[in-house]
Amino acid sequence: MRGKVTRRVSNRWPDKTIIGLTGNIATGKSVVRRMLEHLGAFSIDADALAHRAMSPGAPAYGPVVELFGRWVVGPDGQIDRAFGEKTFDDLKIPCAVTAVDIKSGSEVTLSEGKLADAVLATIALPGVFPVQYINGWELVDGGVLNPVPVSVARTLSPDLPVVAVVLNDPMDKPVHKYSIPVPGIIPKTIAERITRISLAQSLDIFLRSVDVNSRAVAHFRLQVDKPDVLIRPQVHHLSILDKVVIENVAQLGEEAVEEVLPQIKRAVSWHARLGRKIFGTN
């Protein structure tokens, strides 16, 4: 994962430079900010401001609790943004996540214990996020073996239909190339030379190989587990390194759901429910 630094000269203070630090978790934003402060820069910590805005009595506290429920509030009355000590028992809806134990090569289903630990395990993308150690397992992303865990969902509620959302490209789609994201401030000629170096080409081959493997695993798991309804948003043009506008991607998901609404209605009909009760299937 990577962060980003943007720089511009302030119109309000012509002799000052404004630097913006953004990026995903664990990309070094706080470290860089402290380095700049050490050099004499004045900083505004947006994360700290967000914490203050969501503190009890602050403007955002009520709306956040109303949206997510009282379970996000810790014993001290503060909003806990990272699950804290919450466990699976605190959830109102049955939930389970999958991971893979790289010692045994087997799939592990997590449905008890701390939520934070389980989430970190199920998103531990190999080579990107660290392995999570739980109950003697060395856990990585569950998508390595089960990208669309239909079987797990079915064990949680056997009498309900399983609607699976697949983000992998279908097997018949061409595999697109990957390129190293290069900051816009770097001249085009230099950026083009960076993408031609052996490291960039190796990364491209590695990511395309992972893509092909992930498609195949998802395809064959779906053939075996057979979800009642399959939703496939048209996100195949997006790659793991692309910048996206969340609202636009969400819209693609809504459009995909609209297309399969008739199938969902059939899956929840009385005769479909009766079929699952009697035969365990539609």
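The values are calculated or read from the model by the stated rules, or taken from the named source; none is laboratory data. This structure is a prediction, so every number in the text was calculated from the model and none was measured. As a convention, Cβ positions derive from the backbone with ideal geometry for all residues, glycine included, and neighbour counts pool all protein chains shown. All accessible areas refer to the heavy atoms of the entire protein, side chains included, with ligands and DNA or RNA removed. Shrake-Rupley method; radii C 1.70, N 1.55, O 1.52, S 1.80 Å.
For the stretch 222-234, name all the residues that are open to solvent by 100 Å² or more (accessible area, probe 1.4 Å) and part of a loop (DSSP other than H, G, I, E, B). Correct list: Lys226, Gln234.
Among the residues making up the stretch 86-120, those that are touching a residue at least 40 places away in the same chain (Cβ under 8 Å) and farther than 18 Å from Leu145 by Cβ are Pro94, Cys95. When you scan the stretch 86-138, how many residues do you find that are part of a loop (DSSP other than H, G, I, E, B), on the phi < 0 side of the Ramachandran plot and within 19 Å of the chain's Cα centre (by Cα)? Final tally of qualifying residues: 11.
Looking only at residues in the stretch 52-66 that are at pLDDT below 85 and surrounded by 14 or more Cβ atoms within 10 Å (Cβ to Cβ), the one that is nearest to the chain's Cα centre (by Cα) is Val64.
Candidates are the residues of the stretch 99-130 that are surrounded by fewer than 17 Cβ atoms within 10 Å (Cβ to Cβ) and among the aliphatic types (A, V, I, L, M); the one that is nearest to Asp211 (Cα to Cα) is Leu125. Within the stretch 67-81, identify whether any single residue is part of a helix (DSSP H, G or I), within 21 Å of Lys114 (Cα to Cα) and open to solvent by less than 40 Å² (accessible area, probe 1.4 Å), and answer yes or no. Among the residues of the stretch 67-81, at least one is part of a helix (DSSP H, G or I), within 21 Å of Lys114 (Cα to Cα) and open to solvent by less than 40 Å² (accessible area, probe 1.4 Å), which makes the answer yes. Within the stretch 235-275, restricting attention to residues that are open to solvent by 100 Å² or more (accessible area, probe 1.4 Å) and in a loop (DSSP other than H, G, I, E, B), the residue that is farthest from Ala164 (Cα to Cα) is Lys243.
Here Val32 does not fit the description of being surrounded by 10 or more Cβ atoms within 10 Å (Cβ to Cβ), in contact with an Asp or Glu (Cβ under 7 Å, 6 or more places away or on another chain) and either modelled with pLDDT of 80 or more or not in a loop (DSSP other than H, G, I, E, B) (or both). Here Asp45 meets the list (1) free of Cβ contacts under 8 Å to residues at least 12 places away in the same chain; (2) out of contact with any strand residue (DSSP E or B) (no Cβ under 9 Å at 6 or more places or on another chain) almost entirely, failing just condition (1). Out of the residues in the stretch 150-182 meeting the condition of being in a loop (DSSP other than H, G, I, E, B), modelled with pLDDT of 85 or more and of a type in the set (Val, Ile, Thr), tell me which one is farthest from the chain's Cα centre (by Cα). The selected residue is Val162.
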